[in-house]
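Below is one structure, written out as structure tokens; comments come after it.
Quick note: the coordinates plus some simple rules give every number you see, no bench work behind them. From a predicted model like this one, the values you see are computed outputs, not experimental measurements. In this analysis, Cβ positions are derived from the backbone assuming ideal geometry, glycine residues included, and neighbour counts consider all displayed protein chains.
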Amino acid sequence: MMTLLSRKTATSSSRETAMHGPDRREEQERRRKKVARQVPLLAILKMIPQHLALFLLKSGLLHRLSPVFHLAESSHQDVVRGLTSNKELQTVFSYLFYGVPPNDSSFMINALLLHHYKRGAWYPRGGSSEIAFHMIPVIERAGGKVLVKAPVKRILLNNGRVTGVAVQRKDKEICIYAPVVISDAGIFNTYEQLLPFVVKKKPEVESLLSSLQYGMGCFLVFIGIRGTSDELGLKSTNLWIYTESDLNSLMEKFQSLEYEEVCKQLPLMFITFPSAKDPTYSQRHPGHSCMTLLTMAPYDWFHQWSDQKPRNRGEEYHTMKMMLANHMVERAIKEFPQLQGKIEYLEAATPVSNEFYLRAPKGSMYGAEQNCSRYQCDIISRMRSQTAVSGLYLTASLREALGIYGSMDSHWDSDKGPTSAAHFSLILNGCFNKKVSIRPLYIKGRMSSAVGWQVQYTEDCYVPLRCPQ
Ligand SMILES: Cc1cc2nc3c(=O)[nH]c(=O)nc-3n(C[C@H](O)[C@H](O)[C@H](O)COP(=O)(O)OP(=O)(O)OC[C@H]3O[C@@H](n4cnc5c(N)ncnc54)[C@H](O)[C@@H]3O)c2cc1C
């Protein structure tokens, strides 16, 4: 077992430190920190006019500006092999839980993930629903409305310009008209589900979509446990389990195995205890705790049930998903034997569950595949908030990094359209005309400790919203 300690707990005697010589460690840390500091430069590629971005790229000037562009484009494996020949250490530096092995993933993304964990990951006090809970009043104060059970069926267009959206309400469609539509439904949902086919066939759209792939899906097991985290000795930490340390070969094997073999071998699995991370959990659910298990799962495994609704997918689906779920639970109990006989509740979710509940295309966990080709500077510069349709903007596709922070790193200025990278929000406010209607969140500090959400929702008024302690 290898332990990756966060900054607070890392000590010079930790196993992690002992594994690498001091010079290699410094070089890895130097690059990791450089990436973390300079990643907002990638956002600039999306903000400047596209022809300028292309000029910088083609002339080679871009790569002279900062090494982050090269580190974004480079495969994780190539960079890490230059840093250390220690195979175990190469594994620790990698992050496989978005389905892309080190030979095809971007060094930048893995460095950011490691940096994130080294600094100590965040968990929202009160659970992840707190994020939406605190966003809603901000949107409402800005004059907005938050609708649930209101799927957008189509984005309305007139002469190639956006005019609003059509929302499904029971058996009829309701049209909501607006001069601007910002879609956070993701690049695939927006172009493939919500816009007419002719838009998708535009050369610039077709070329962008053809350079992206659907990300891999995941399989989750949610478990309710009798006993508190303290009683059971469950810690606020994550466990990533791999059956071998060569993650390229592991992923190859994983993809070649039959479903039954994956169930038996479980090449990769993640264990976490949300209840141990949330200081309010024991007040909200006295005497209980919870565990989440995750493994990657190709969509094809469950594809045949994608048209059916949850609970109506039949016995075969249920048996198949429980086979994997039970093996995962057995594996988790090997790691945490104190949980034997304590499980009170168990629910499993497949990629088709994700597709239904999260509207994640093909059940993908992090949107478009986070492979190396997605982080080529040319693609980064083309994945802009502006779309081929006048008045329509995308947020999620702006992400410089996967995950929640990555998707919050997009925001909106009513004159210039959404821009990217929260760190630039204040600078941009100064530069651009500020008739802002809604401005999503600028997060300061840690979610777990008295968060500051800084939101601009009228012309020049910043509203710091403090979450309850
Ligand atoms: C199981 C799991 C665990 C994860 N754990 C973490 C983690 O620990 N940390 C982390 O940082 N990230 C994590 N992620 C990833 C993170 O959740 C995503 O990267 C992030 O939510 C992406 O945000 P987004 O706004 O781009 O898309 P989403 O959060 O997917 O938001 C898109 C929204 O658009 C809605 N939508 C789509 N189509 C329509 C339509 N036609 N009409 C109306 N609404 C529509 C969807 O319902 C959805 O609510 C996890 C993801 C999964 C699946």
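With a ≥ b ≥ c taken as the square roots of the eigenvalues of the C-alpha gyration tensor of the range 146-268, please select rounded if a/c is under 1.5 and otherwise prolate if a/b is larger than b/c or oblate if it is not?
Oblate, since a/c reaches 1.5 and b/c is not below a/b.
Which distance in nm do the two modelled labels at Glu173 and Arg331 give, with both placed 7 Å along the Cα-to-Cβ direction?
Using points 7 Å along Cα→Cβ, the separation is 4.4 nm.
Please give the contour-minus-distance gain from Glu27 to Lys200: 0.36 nm per residue of separation, less the Cα-Cα distance, rounded to one decimal in nm.
57.9 nm
Tell me whether the range 316-382 comes out rounded, prolate or oblate; compute the Cα gyration tensor, take square roots of the eigenvalues as a ≥ b ≥ c, and use a/c under 1.5 as the rounded threshold.
Note, shape of the range 316-382 comes out prolate.
Once the Cβ-Cβ distance between Thr237 and Ser390 is put in as r, and R0 is 51 Å, what FRET efficiency do you end up with, to the nearest 0.05?
Using R0 = 51 Å, I get an efficiency of 0.60.
Hey, can you grab everything whose amide H is under 5 Å from the amide H of Thr163? Only 5+ residues off in sequence or another chain; H modelled, so Pro and N-termini drop out.
Leu156, Leu157, Asn158
Given a Förster distance of 22 angstrom, what is the FRET efficiency for Glu244 paired with Met322, based on the Cβ-Cβ distance and rounded to 0.05?
Between Glu244 and Met322 the formula returns 0.25.
With r as the distance between the Cβ atoms of Val148 and Phe55 and R0 = 35 Å, compute the FRET efficiency 1/(1 + (r/R0)^6) and round to 0.05.
Efficiency, rounded to the nearest 0.05: 0.20.
For Tyr259, project a label point 7 Å along Cα to C-beta. Then give me every residue of the range 315-332 with its amide nitrogen under 11 Å of that point.
Only 316-324 fall inside the zone, counting backbone N under 11 Å.
State which entries of Lys33/Lys118; Lys264/Lys334; Lys309/Lys362; Lys264/Lys321; Lys172/Lys200; Lys149/Lys309 exceed 18 angstrom in Cα-Cα distance in the structure shown.
Going by Cα-Cα distance, Lys172/Lys200 fall outside the 18 Å limit.
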